[in-house]
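The values are calculated or read from the model by the stated rules, or taken from the named source; none is laboratory data. A quick note: this is a predicted structure, and the numbers were derived from the prediction, not measured. Note that we place each Cβ from the backbone using ideal geometry, even for glycine, and neighbour counts take in every protein chain shown. When the accessible area is computed, the model is the full protein with side chains, heavy atoms only, and any ligands, DNA or RNA have been set aside. Shrake-Rupley method; radii C 1.70, N 1.55, O 1.52, S 1.80 Å.
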Amino acid sequence: MVKVAPSILSADFSKLGDEIKRLEREGADWIHIDVMDGVFVPNITIGQGVVKSLRPFTVLPFDVHLMITKPERYVKEFSDAGADYITIHQEACDCIDSVLDDIHSFGKKAGLSISPETPFSAVESYMDKIDLLLVMTVHPGFGGQAFMSECLPKVADARKMINDNGYSMEISVDGGINYDTGKIAVSTGASVLAAGSAIFKAKDMKMEISRWHDL
Ligand code: DX5
Ligand code: ZN
């Protein structure tokens, strides 16, 4: 079954706890939390304090997407705050191997993400030590952008490598995902759909999540 990871970037920030409870009730698998620093991306969202305060509201895994420069400075804090998956950006980090090791040493799952302009070859050598590859299908920074189908060959390449080597890991796509683009991404090899707008704007969130599960 496809995993659905709604992004709380599209939630009502004045009541995030309630929004997270609602996502759990409506069938979400993971809670996708977009952390932006205003440097790696031109937007600022939430920090480790907010993640910590949201932790009691759900038992669902927190899928923390760090769009921050030099993420090595903060992985311990997000781990302590209750993240389950901690994903860093290839473009934002000069010491990827040691950060992945750090994340694992905290007992957490380690993810690596690539922006649209970054080729799959930039992360190939890490595929045997990550738990999640997050392929951005928009330029990171904002919700509500249009899906970039030109990023999909990277999903196909990653899926082939995983299958050829018997790796057990997830491939997530993030940005502009709705039922139609999600369907294409899953048929290309994605196993997790991260989405903000399409989930929060759905007339019936439960039904929307449920039909994504079957993509
Ligand atoms: C964008 C974030 C996404 C964002 C997706 O930088 O990483 O997770 O919330 O939003 P939608 O689904 O609206 O494109
Ligand atoms: Zn994200």
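Distance between the pseudo-spin-label points of ASP128 and VAL50 (7 Å out from Cα toward the beta carbon): 3.9 nm.
Shown is the FRET efficiency for SER14 and GLU91, computed with R0 = 30 Å from the Cβ-Cβ distance and rounded to the nearest 0.05: 0.40.
Would you calculate a helix-derived [θ] at 222 nm for the chain, using -39,500 (n - 2.57) for each DSSP H run of n ≥ 4 and dividing by the full residue count, to the nearest 500?
Values: 8 runs with 71 residues, N = 215.
About -9500 deg cm²/dmol.
Taken over the alpha carbons of segment 3-213 as equal point scatterers, the Debye sum produces base-10 log I(q)/I(0) values at 0.11, 0.12, 0.13, 0.15 Å⁻¹ of -0.45, -0.55, -0.65, -0.89. On the basis of the beta-carbon distance and an R0 of 30 Å, LYS21 and TYR179 show a calculated FRET efficiency of 0.80. When each of the peptides 75-86, 140-151 is scored by how many other beta carbons lie within 10 Å of its residues on average, the order from highest to lowest is 75-86, 140-151.
Net charge within 12 Å of SER210 by Cβ-Cβ distance, Lys/Arg positive one each and Asp/Glu negative one each, not counting SER210 itself?
Numbers: positive: LYS206, ARG211; negative: GLU26, ASP29, ASP204, GLU208, ASP214.
Overall, the nearby charge balance is -3.
Residues of segment 58-73 with an amide N closer than 18 Å to a point placed 7 Å from the Cα of HIS104 along the Cα-to-Cβ direction: 72. Over 21 Å apart at the Cα level, from the set LYS3/LYS183; LYS109/LYS201; LYS21/LYS203; LYS70/LYS154, are LYS109/LYS201; LYS70/LYS154.
Computed in the context of the full set of protein chains, the accessible area of the chain at 1.4 Å probe radius has 50% of its extent on carbon or sulfur. Residue by residue, segment 40-50 carries 3J(HN,Hα) couplings of 5, 10, x, 7, 10, 10, 10, x, 5, x, 5 Hz when phi is fed to the Karplus relation 6.51 cos²θ - 1.76 cosθ + 1.60 (θ = phi - 60°); x denotes Gly or Pro.
Extension gain for MET1-MET148 works out to 50.5 nm (0.36 nm per residue, less the C-alpha to C-alpha distance). Residues whose amide H comes within less than 5 Å of that of ILE177, counting only those at least five positions distant or on another chain, are GLY196 (H built at 1.01 Å from N in the peptide plane). Other residues lying with their Cβ under 11 Å from the Cβ of ASP101 contribute a combined charge of -2, Lys and Arg counting +1, Asp and Glu -1.
For segment 3-213, the solvent-accessible area of protein heavy atoms averages 42 Å² per residue (probe radius 1.4 Å; ligands and nucleic acids excluded).
In debye, nearest 20: dipole of the chain around its Cα centre with unit charges on the Cβ of K, R (+) and D, E (-)? Before the final figure, lay out each step's value.
Working: 21 positive and 31 negative charges, 124 e Å.
Value, rounded to 20: 600 debye.
Across segment 93-115, the residues whose backbone nitrogen lies under 14 Å from the label position 7 Å along the beta-carbon direction of THR69 are 93-94. Counting only DSSP beta bridges with both residues in segment 1-102, the antiparallel share comes to about 10 percent.
Taking the alpha-carbon centroid of each part, what is the distance from segment 71-87 to segment 124-178 in angstrom? Comparing the Cα centres of segment 71-87 and segment 124-178, I get a distance of 20 Å. Computed from phi, the 3J(HN,Hα) profile of segment 69-80 under the Karplus parametrisation 6.51, -1.76, 1.60 (θ = phi - 60°) reads 7, 6, x, 4, 6, 10, 4, 5, 5, 5, 4, 4 Hz, with x in place of Gly and Pro.
In segment 3-213, with Lys and Arg counted as +1 and Asp and Glu as -1 at Cβ, which of these residues, GLY196, SER14, VAL4, has the Cα nearest the positive end of the dipole, that is, farthest along it? The listed residue farthest towards the positive side: SER14. When ASP131, ASP97 are compared by accessible surface with a 1.4 Å probe, the order from highest to lowest is ASP97, ASP131.
Rounded to the nearest 5, what % of DSSP beta bridges with both residues in the chain are antiparallel? Don't skip to the answer; put the middle values down first.
Values: 1 of 32 bridges.
Counting only bridges with both partners in the chain, antiparallel ones make up about 5 percent.
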